[in-house]
1. Just to be sure before I move on: is I203 over 21 Å from A69 (Cα atoms) and either part of a helix (DSSP H, G or I) or touching a helix residue (DSSP H, G or I) at 6+ places or on another chain (Cβ under 6 Å) (or both) in the structure I sent?
2. Residue under question is S199, and the condition is that it be surrounded by 14 or more Cβ atoms within 10 Å (Cβ to Cβ) and in contact (Cβ under 8 Å) with a residue 60 or more places away in the chain; does it hold?
3. Just a yes or no: is a residue in segment 301-314 crowded, with 16+ Cβ neighbours inside 10 Å, in contact with a Phe, Trp or Tyr (Cβ under 6 Å, 6 or more places away or on another chain) and over 21 Å from P218 (Cβ atoms)?
4. For segment 220-266, give me each residue that is assigned to a helix (DSSP H, G or I) and either buried (at least 19 other Cβ atoms within 10 Å of the Cβ) or of a type in the set (V, I, T) (or both).
5. Looking at this structure, is D149 among the acidic types (D, E), within 16 Å of A22 (Cβ to Cβ) and assigned by TED's automatic domain parsing to the domain that holds A69?
6. Using the structure shown, decide if R142 is surrounded by fewer than 23 Cβ atoms within 10 Å (Cβ to Cβ), within 29 Å of A188 (Cβ to Cβ) and within 17 Å of the chain's Cα centre (by Cα).
7. Check S261, S244, S313 and return the single one that is closer than 30 Å to D149 by Cα and in contact (Cβ under 8 Å) with a residue 24 or more places away in the chain.
Amino acid sequence: MKEKITDPALREKYGKIGSVAAILCNVVLAAGKIVAGLLTGAISVLADGLNNLSDCGSGTVALVSFRMASKPADKEHPFGHQRVEYIASMFVAFLILVVAFELAKESVGKIIAPEAAEFSVLALSVLGASVAVKGGMFVFARRLGKRIDSDVLLALSKDSLSDCVATAVVIAGLLIAHFTGFNPDGYAGVLVAIFVAFSGIGILKETMSKLIGQAVEPELIAAIKARIFAHEEVLGVHDISVYSFGPNKYFASVHIELDASLDVMESHELIDSIEQEFARETNISLTGHLDPIVVNDPAVVELRKKFGQLVKSLDERYFMHDFRTVIGPHRTNVIFEVAIPFDCKKSNEEVKEDICRAVSEQDGGIYTPVVLVERQ
């Protein structure tokens, strides 16, 4: 697969090309099907044409969204306007659902009061061409959508795929009516409406998930870690939080562990250089937080290793970090954080109790754990 396009100007250009192509193809298909449906009296053919007509609106929404999303950040929207594409995807989904409802209503009417549909080679030819064109649109929009990471184009591709299946159902209905005498036109129309509705619901669910705050792909987290670890002074990385403000627009924060014996200005300069590297070479605006780690005190190093193993013994998915000690005359406070997965069935408080109990059983009260449990 070709490398993704992240340049805003180039994304806008390719997005507009994809949107205009979708509009033109749907105009041609809608005109052909509506004419064929009116001439033959086949409601399923007419319904399929109206569906293509609504797709023209979807393409227009996509076209406008690319223009709006390319606007630079301003005072009212300091993180940019890229999320406009998500809003556009929701509009596409709503248009699809409205069309599905209207198709279902008309089709049920045909089931209740069926009308004979004239078999037409013209209608079959138009529908057959539609399957081919919509198949090509699906492949084109899907590839382009992935290339520029565009939800609205991917929504258009899913709509095209559902149209392929729906049109195939209409063709099957016309052939059945011609060769058996039974006219399944209304039933075929209902099936078309169901396929269209499922496509709209799927797009709506996916887009709403991203607007709510969907987690980024694990590959992106791994890439962030790899780039930071490329600096040999870095001892560890944790508490990575990544926030998406639209396609290819990310803001991230991360805790970076460095040797505590390093001069504070030197550590600060390193983290600054990492942040600037991300700004210069990626589409991620990164903020780094310094976590100094004691590496030249054998007792602290050994204690950190011991507690890390103890935490892991409770659950392999637990990860200890930010370990430090406060030594008193009678006991030593060990302060650390433990990251647990979101799907962990135990509450944070239960995990904390498990850790404190395990420490007490192993060391008999020598160490007092001060634990913060977080999910990631």
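The values are calculated or read from the model by the stated rules, or taken from the named source; none is laboratory data. Remember, predicted model here, so these are calculated numbers, not experimental data. FYI the Cβ positions are ideal-geometry reconstructions off the backbone, even for glycines, and counts take in every protein chain you see.
1. No: the conditions fail for I203.
2. yes
3. yes
4. Of everything in segment 220-266, those that are assigned to a helix (DSSP H, G or I) and either buried (at least 19 other Cβ atoms within 10 Å of the Cβ) or of a type in the set (V, I, T) (or both) turn out to be I221, I224, I228, V264.
5. In short, no.
6. Details: surrounded by fewer than 23 Cβ atoms within 10 Å (Cβ to Cβ): yes; within 29 Å of A188 (Cβ to Cβ): yes; within 17 Å of the chain's Cα centre (by Cα): yes.
Yes: the conditions hold for R142.
7. Just one listed residue meets the conditions, S244.
For every residue, the table says whether it meets (1) under 41 Å from the mean Cα position of the chain (by Cα); (2) more than 23 Å from D239 (Cα to Cα); (3) surrounded by 15 or more Cβ atoms within 10 Å (Cβ to Cβ); (4) modelled with pLDDT under 85.
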position: A299; (1), (2), (3), (4): no, yes, no, yes
position: G328; (1), (2), (3), (4): no, yes, no, yes
position: N333; (1), (2), (3), (4): no, no, no, yes
position: A339; (1), (2), (3), (4): yes, no, yes, no
position: I355; (1), (2), (3), (4): yes, no, yes, no
position: S360; (1), (2), (3), (4): no, yes, no, yes
